[in-house]
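What follows is one structure encoded as C-alpha cells, with my remarks underneath.
A short reminder: the numbers here are calculations on the coordinates, not readings from a lab. Source: prediction; values computed, not measured. Here Cβ is always computed from backbone atoms with ideal geometry, including for glycine, and neighbour counts include all displayed protein chains.
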Amino acid sequence: MLKQLNIARSLAIVALIGLATGCGGGGGGSGGGGTGGGGTGAESGSFSVSPTSITVQARTVDAAPTGSATITVQITQAPSGTVNVYASGDTTHAGVDSISVVSSAPNTGTLQIQFKSPAALGAGTYTDTITLQMCFDNACKNPLSGGPATITTHYTVTTTAAVSVTSTAVNASATTSDASGPVATVPLTVSSGPASGVYVTTSSSNTGISVVTSPTGATTDTHPAVGITFRDPASLGRGTYTDQVTINVCADAGCTTPLYGSPIYLSVTYTITSPVLAVTSQVALSHDVIDATYSRALDAIVMVSSYPTNALYLYDVATEQEFSQALHKPPTAVTVGPSGLDAAVGHDALVTYVNLATLKQASPPAPIELNVTAQVFDLVLDGHGYVHVVPTTDQWVTFHSINIATNTETMSSGGSLRAGSHAKLQPGTSYIYSTDNDLSPSGITKWDVSSGAAVYMYERLDASPCGNLWFADDSVTTYSPCGRVLKASTVQAQDMAYAGQLVLEQATFSNELRSVDESSAVKEILGVQWNPNDCGAFGTPARCSTDVTLYDSDYLGVNGVYSLPSVTVSGKAYPQRGLFVFHSADGTQRFLVSMLYGEPNPATQYYVSKF
C-alpha cells in the first residue's frame with residue numbers, strides 16, 4: 001500500500017510508496033527512502049494523475065483552500081513480495097503554499113495541495129505548476145512511465161464586502177457622583193463595501209444603556225462608528241449592569257444583503273462605583289474596636305477593645321493621641337453620658353463606669369464596677385446616676401437599671417422589651433427609646449427614667465425603625481438603619497411619626513445605615529452604608545463593601561456617596577470597611593473608624609481617618 005509522501009514547498013524530497021503486488025520475483029527495496037536502496041532494476045510500471053488541472057477560489061475573508069489529485073500506479077513487472085515506489089515532486093509558489101502525498105488505497109495515492117491565505121494574497125488569479133515523478137528507487141534512476149506528470153493550479157481570490165470590529169467586549173465605568181452616563185464609541189471596519197455605501201442599524205437591551213446610535217442612511221465611511229450612551233449613574237446606583245448590542249451592516253436599507261461578519265454582537269458591561277473618599281489623615285490603631293461613640297465635650301472618640309487587652313480608649317481627635325483605661329472583662333458595648341464626661345462599658349454580668357475627664361491624668365482614678373444579672377447587649381447612661389442595661393439573650397426581658405452610687409440593680413416595670421434591642425437616651429430628657437432588633441414588624445418602646453429605674457410608657461409598632469435609631473442635635477429628629485426619619489413627641493399619638501426618608505443605594509437588597517451622626521452646626525448627616533446580606537453575620541464577607549454618605553439635614557438630600565479605598569499593609573492591599581462616623585463638636589471635621597477585611601494582624605487592622 002502507499003505510504004505518506006512529504007514534498008517540500010520548493011525542494012523535491014524523495015519519499016516512499018510501498019506497493020503490494022501479486023507478481024513473483026525478487027525482494028523489494030529498502031523501504032523508507034534511505035541514501036541508497038530502492039528497486040532491483042527489474043521492476044517496471046506506470047502511473048497517472050487525475051485531474052491535471054485544479055481550479056479553486058476563495059474570498060479574502062475565507063480560510064485558505066485546499067486541492068487534491070488522485071495518483072494511480074500500475075506495476076507491469078516486479079519481483080515477488082512488496083515493491084517500494086518512491087515519489088518526488090516540486091511546485092511553483094504563486095498561490096500554492098505546500099504539497100504532500102498520502103496513500104489512500106492499494107495502488108492509489110492522493111496529492112494534497114495547500115494554498116496560501118487569500119487575505120495575504122489579495123484579489124487576483126494565481127497559477128502554479130506542480131511536477132510529480134514516481135520511481136522504484138529513491139534516487140529515481142528507475143522511474144515509472146507516465147512521468148513526470150504536470151498538474152496546473154488556478155487559484156482565484158475575490159474581494160468580499162465584510163465588516164469587523166476590533167473587540168466585541170465593551171466596558172464602561174462611572175461613579176455615582178457623575179452628572180451623566182459615559183459614552184462608548186465602537187468603530188467598525190468595512191472592507192470592499194459597495195460604492196453606494198452600507199446601512200448600519202442597531203438594537204440593544206437597556207439594563208444600563210440609554211441609547212445606541214449609528215449613521216443615518218447609507219454611509220461610504222470605511223470606519224463607521226456606533227455610539228453607546230449609558231444611563232445616568234445616579235439613577236441606577238452602584239453595581240454592574242450588562243447588556244447586549246446587535247449591529248447589522250448591510251448593502252441595502254432592507255438588510256436583505258448583509259455584509260460578511262454581520263450581525264455583530266457586543267457584550268456590554270457598565271460598572272458604577274462611588275467616588276473614593278479623600279482623607280486628610282489616617283491613623284492606625286494598635287487595638288481592635290468592639291464598639292465606639294463620641295464625646296463632643298472632650299472632642300474625642302470613645303472606643304472599647306478586647307485586643308491586645310480589654311480596655312477603653314479615649315482618642316483625642318485634635319492631637320491624634322489615645323488614653324486608655326484597663327478593663328477586667330471583654331467589653332460588649334460602650335455609651336457616653338449626656339455630659340460627655342463619663343462612659344459606661346458593658347460586659348458579661350458587669351458594667352464598668354469610667355470618668356472620661358480624668359483619663360488624661362498621669363494616674364486617673366480607678367473605674368467603678370457595677371454588677372448586673374445579664375450579659376450586656378446595649379446600655380444607656382441617663383445623667384441622673386443610673387445606667388440602664390439591655391440583656392443580650394432570652395426573648396422578652398426587662399431593663400436592668402443600676403444605681404451607680406449604690407451598685408443596686410432594679411428591674412424595669414410596666415412592660416418588657418426584646419432581648420438584643422438597641423436603646424438611646426433622648427437628649428435633654430429623661431426618656432429612653434428602645435428599638436426591636438431582628439423582629440418584623442420592628443417597634444419602638446418609650447421608657448421613663450426620671451425616677452431611677454426604667455418605667456414602661458408605650459410601644460409604637462408602626463414606626464418601623466429597623467432595629468436602631470440615632471438622635472439629631474435637636475433631640476427630636478431620629479434616623480433609622482433603613483433611612484426612615486422619625487420625630488419624637490411628648491404626645492403619644494405623634495411620637496415617632498414619619499418625617500421623611502434618607503435615600504440609600506440599592507444592592508442585592510436595600511442597603512442599610514450602620515452608623516449615623518448629625519451636626520446641626522453644619523446641617524449635615526453622616527452615614528455608613530452597608531448591605532447586611534453581604535456584610536452581616538450570615539452574609540458573604542468577600543462581597544461586603546461600605547460607603548460613606550453625606551446628607552443635607554434640612555431637606556435630606558444626598559450631598560455625596562463615597563467608597564472607601566483599600567489600605568496597603570506590608571505590600572498587600574486590603575478592602576476597608578466603615579464601622580462608625582462622627583462629627584467634631586463644631587461640625588467642621590469628620591471622622592471614620594474603619595477596619596481592613598482580611599488583614600490577619602489586629603494590630604494593623606483598625607484605623608481612624610479624618611475627612
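Highest mean packing comes first when the peptides 366-372, 342-348 are listed by Cβ atoms within 10 Å, giving 342-348, 366-372. Subtracting the Cα-Cα distance of Tyr307 and Lys141 from 0.36 nm times their residue separation leaves 50.3 nm of extension gain. Between the alpha-carbon centres of the stretch 58-107 and the stretch 117-165 there is a gap of 11 Å. Between Asp552 and Glu459, the simple label model (points 7 Å from Cα in the Cβ direction) yields a spacing of 3.9 nm.
Here's the list of aspartates and glutamates a cross-link from Lys446 could span, going by alpha-carbon distance under 17 Å and ignoring same-chain residues fewer than 8 apart: Asp378, Asp382, Asp436, Glu459, Asp462, Asp495.
Cross-link partners of Lys141 among aspartates and glutamates, defined as those whose alpha carbon lies under 15 angstrom from its own and excluding same-chain residues fewer than eight positions apart: Glu43. Using a Förster distance of 51 Å, how high is the FRET efficiency between Gln426 and Arg543, based on the Cβ-Cβ distance and rounded to 0.05? It comes out at approximately 0.90.
Projecting the Cα positions of Ser464, Gly383, His93 onto the charge dipole of the chain (unit charges on Cβ atoms of Lys, Arg, Asp and Glu, taken about the Cα centre) puts His93 furthest along the positive direction.
Once you reduce the stretch 453-515 and the stretch 287-366 to the center of their Cα atoms, the two points are 27 Å from each other.
The H on the amide N of Ser520, modeled in the peptide plane, is under 5 Å from the matching H of Asp473, each at least 5 residues off or on a different chain. In a reduced charge model with +1 at each Lys and Arg Cβ and -1 at each Asp and Glu Cβ, the chain shows a dipole moment near 2060 debye about its Cα centre.
The distance from the alpha carbon centre of the stretch 410-424 to that of the stretch 255-278 is 56 Å, rounded to a whole number.
Working note: Karplus 6.51/-1.76/1.60 with θ = phi - 60° gives the stretch 491-504 the couplings 8, 4, 5, 9, 5, 6, 7, 5, 9, x, 9, 7, 6, 10 Hz, where Gly and Pro are set to x. For Lys572, the lysines whose Cα comes closer than 23 Å to its Cα, not counting residues fewer than 8 places off in the same chain, are Lys610. Based on the Cβ-Cβ distance of Gln395 and Thr269, what FRET efficiency does E = 1/(1 + (r/R0)^6) give at R0 = 56 Å, to the nearest 0.05? Using R0 = 56 Å, I get an efficiency of 0.75. Model label sites at Val491 and Ala253, defined 7 Å from Cα along the beta-carbon direction, differ in position by 7.0 nm. For Asp137, nonlocal amide neighbours, meaning residues 5 or more places apart or on other chains whose placed amide H falls under 5 Å from its own, are Gly39, Tyr86, Asn142.
Extents of the stretch 497-590, largest first, come to 41, 31, 19 Å (Cα atoms, principal axes, whole angstrom). Projecting the Cα atoms of Gly124, Ser214, Ala326 onto the dipole axis of the chain, where Lys and Arg carry +1 and Asp and Glu carry -1 at the beta carbon, places Gly124 farthest toward the positive end. Considering only Tyr313, Ala497, Ala366, and ranking their Cα positions along the charge dipole of the chain that arises from unit charges at the beta-carbon of Lys, Arg, Asp and Glu, the one farthest toward the positive end is Tyr313. Backbone geometry of the stretch 182-193 corresponds, through the Karplus equation with coefficients 6.51, -1.76 and 1.60 at θ = phi - 60°, to 3J(HN,Hα) couplings of x, 10, 10, 10, 10, x, 9, 10, 9, 10, 6, x Hz, x marking Gly and Pro.
For the chain, the relative contact order works out to 8 percent when only alpha carbon pairs closer than 8 Å and six or more residues apart are counted.
In plain terms, the chain from Ser46 to Ala179 could stretch by 39.5 nm, reckoned as 0.36 nm per residue minus the Cα-Cα distance. Peptide packing: for 376-389, 194-207, 403-416, 285-298, the average count of neighbouring Cβ atoms within 10 Å per residue gives the ranking 376-389, 285-298, 194-207, 403-416, highest mean first. The phi-based Karplus calculation (6.51 cos²θ - 1.76 cosθ + 1.60; θ = phi - 60°) puts the 3J(HN,Hα) values of the stretch 400-409 at 9, 9, 10, 6, 5, 5, 10, 6, 10, 9 Hz, whole numbers, x for Gly and Pro. With a cut-off of 17 Å on the backbone N, the residues of the stretch 382-422 near the modelled label site 7 Å out from Ser475 along Cα-Cβ are 382-386. Modelled this way, with points 7 Å down the Cα-to-C-beta line, the labels at Asp348 and Thr159 are 8.4 nm from one another.
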